[in-house]
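The values are calculated or read from the model by the stated rules, or taken from the named source; none is laboratory data. This is a predicted model, so every value here is computed, not measured. Cβ placement follows ideal geometry from the backbone for every residue including glycine, while neighbour counts extend to all protein chains displayed. All accessible areas refer to the heavy atoms of the entire protein, side chains included, with ligands and DNA or RNA removed. Shrake-Rupley method; radii C 1.70, N 1.55, O 1.52, S 1.80 Å.
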Amino acid sequence: MSATPSTRTRARLTRTQIAARAAYVLAGNDRGRLTVAAPQLYPHMWSWDAAFIAMGLARVSTGRALTELETLLGAQWRTGMVPHIVFTEGETGYEPGPHRWACGRVCPDAPRRPATSGLIQPPVHGVAVRRILDAAHGAPAAERRDATERIRAMWPRLLAWHRYLAERRDPERRGLLTIYHGWESGLDDSPRWDAPYKNVVPAPEFVPFRRADLHALGALGGAAAQRPSDAEYVKYQWLVEELRRARYDDATARRTVSFRMADVLSSALFAAASEELATVADELGLSGAEELIGYADRFRRGVLETADDRGFAADVDLRTGEVIRTQTVAGFAPLLSGGLDPDRRRALVETLVSADWCGHPGFAHALPPSTSPSSSAFDPVRYWRGPQWPPMSWLLIWGLERSGEQETALALREAALDQLADGVFAEYYHPFTGEPLGARPQSWTAAVALDLLA
Ligand code: 9WN
């Protein structure tokens with residue numbers, strides 16, 4: 001156990017102080033046209049982090065928020081794919097770096113510059129665009145006009161992104177997005193992927209490279225026990241190698257890569273983001289509203305088809321057709337996609353607040369853990385295997401609000417702000433002690449604080 005004092009003894013910030021410090025963190029991590037995810041551990045732009053960061057920045061400046069999305073979309077592939085990492089030039093502190101991905105070299109659809117990874121992350125960008133436009137409604141006329149124009153200008157890229165996902169990541173039209181790597185889910189080492197990762201076996205000649213993440217975390221005083229294990233990391237690296245050999249071509253990857261999962265949480269977020277973008281299209285008179293509503297319907301249905309009688313959703317192993325039921329936060333996907341009948345929605349909210357989840361009597365803050373403490377896979381310090389992640393709290397608060405579950409949303413919002421009052425803006429938190437874990441300051445944590453306070 002680390003010597004970090006528990007939340008009970010650490011100084012607590014007022015709400016105004018949280019907002020001021022969160023804005024300060026984002027300014028410190030700002031590199032001009034992008035905000036690094038976390039200066040030491042993740043010194044580049046990450047796709048879904050950028051969306052959350054843009055939502056937070058929108059509370060300070062809608063113009064700067066849009067710059068974030070413009071930078072990300074500026075790295076879009078010809079296929080419409082938005083890469084999970086946009087590399088900042090000259091930064092060598094993260095592995096796998098640009099030379100390992102080699103996207104620009106092996107794939108004609110990838111940009112040569114900026115260098116990017118060859119994966120995706122959960123498509124929450126449409127949610128960010130909606131929130132930026134909402135924030136612009138309250139801004140001075142010139143800022144509002146500028147925001148509207150810039151959203152119009154990025155619209156073809158947003159549509160291309162959603163089209164890419166609907167066509168290339170769900171060619172069988174199940175309403176579920178295919179992922180080829182746990183990194184694509186954003187919940188890298190979640191127990192969701194334990195079973196499918198058993199089939200990921202690096203070739204005997206594969207030489208794993210140095211783990212820069214452990215070095216960076218060590219410098220921050222964090223322990224290796226907070227990160228995915230070495231055994232998992234070799235598989236992560238091997239999957240990158242498999243994808244590179246497939247030249248990041250979706251049709252080839254579907255045949256050759258040893259991990260192919262239907263990700264229920266990303267699918268729910270895709271449904272929600274499509275719906276949000278459709279409202280933007282309506283408001284600004286842009287094309288594609290019907291198409292987006294079509295995606296929202298299809299993916300909502302896909303998510304709900306995996307739900308059990310309590311509304312709890314599951315991933316599907318597309319290599320075997322097996323439904324993989326795990327006690328992870330992804331099970332609450334229907335609260336994000338919407339569409340559950342009122343009985344099952346109630347049941348799902350009751351599960352969320354039960355002692356197996358947020359309501360565990362030992363928790364420092366009644367927030368969703370990444371994995372249920374009642375699961376045998378639960379680990380309170382290790383990454384997505386137990387700790388509480390502020391962006392995940394944000395998503396569930398947002399989903400609850402959209403589902404009309406205001407009371408629960410409010411309780412979670414209070415708990416989330418209470419957690420963030422430590423002023424550390426950590427990547428994730430120990431559910432029992434409230435101890436900050438992982439990278440710090442983490443940009444998306446600061447960003448969700450700003451949005452929650454708005
Ligand atoms: C791999 C940046 C990202 C987040 C992910 C989180 C972590 C990367 C890593 O950091 O993943 O993409 O190196 O561990 O799991 O959700 O986007 O903050």
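Numbers at a glance
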{"read-out": "Region 208-328 - charge dipole about Cα centre, Lys and Arg +1 at Cβ, Asp and Glu -1, debye rounded to 20", "value": "780 debye"}
{"read-out": "Two-site label geometry, A251 and V323: point separation in nm, points 7 Å out along Cα→Cβ", "value": "3.3 nm"}
{"read-out": "Average Cα contact separation per residue, region 305-397, under 8 Å, 6 or more apart, as relative contact order %", "value": "20 percent"}
{"read-out": "Extension reserve of the R78-D418 stretch, reckoned as 0.36 nm per residue once the Cα distance is removed", "value": "118.1 nm"}
{"read-out": "Probe 1.4 Å, accessible area per residue of the chain, Å²", "value": "36 Å²"}
{"read-out": "Under-5 Å amide H pairs with L437, H placed in peptide plane, nonlocal only", "value": "E427, Y428, Y429, H430"}
{"read-out": "Sequence of D341, D263 when ordered by accessible area, the most exposed leading, probe 1.4 angstrom", "value": "D341, D263"}
{"read-out": "Integer Hz, Karplus 6.51/-1.76/1.60 couplings in order for region 88-104, x for Gly and Pro", "value": "7, 5, x, 8, 10, x, 10, 10, x, x, x, 5, 6, 6, 6, 4, x"}
{"read-out": "Where a label projected 7 Å from the Cα of E149 along Cα→Cβ would reach, residues of region 284-316 with amide N under 20 Å", "value": "284-287"}
{"read-out": "Burial order of peptide ranges 377-384, 29-36 (average beta-carbon count within 10 Å, highest first)", "value": "377-384, 29-36"}
{"read-out": "³J(HN,Hα), Karplus 6.51/-1.76/1.60, whole Hz, each residue of region 346-354, x for Gly, Pro", "value": "4, 4, 5, 5, 5, 4, 4, 8, 6"}
{"read-out": "Added length on full extension, which subtracts the Cα-Cα distance from 0.36 nm per residue, S375 to N199", "value": "61.1 nm"}
{"read-out": "Gained length - H215 relative to R33, 0.36 nm times residue gap less alpha-carbon distance", "value": "62.8 nm"}
{"read-out": "Taking the chain and dividing mean pair separation by its residue count, relative contact order in percent (alpha carbons under 8 Å, at least six apart)", "value": "20 percent"}
{"read-out": "Hz values of 3J(HN,Hα) by residue in region 411-422 - Karplus curve (6.51, -1.76, 1.60), Gly and Pro given as x", "value": "4, 5, 4, 4, 5, 5, 5, 5, 5, 6, 6, 6"}
{"read-out": "Point-charge dipole on Cβ atoms (K/R +1, D/E -1) for the chain, about Cα centre, debye to 20", "value": "860 debye"}
{"read-out": "Nitroxide proxy distance, nm - points 7 Å out along Cα→Cβ at L284 and E167", "value": "2.2 nm"}
{"read-out": "Furthest towards positive pole of dipole, L176, P441, G285, structure part the chain, Cβ charges", "value": "P441"}
{"read-out": "Mean separation of Cα contacts under 8 Å, 6 or more apart, over the residue count of region 175-298: relative contact order %", "value": "34 percent"}
{"read-out": "Listed residue (S337, A262, V207) projecting farthest to the positive dipole end of the chain, Cβ model", "value": "V207"}
{"read-out": "C-alpha center-to-center spacing [region 164-231, region 376-454] in angstrom", "value": "22 Å"}
{"read-out": "Pair E305, A223: separation of 7 Å Cα→Cβ label points (nm)", "value": "4.4 nm"}
{"read-out": "FRET efficiency, 1/(1 + (r/R0)^6) with R0 41 Å, evaluated for L453 and D341 via beta carbons", "value": "0.75"}
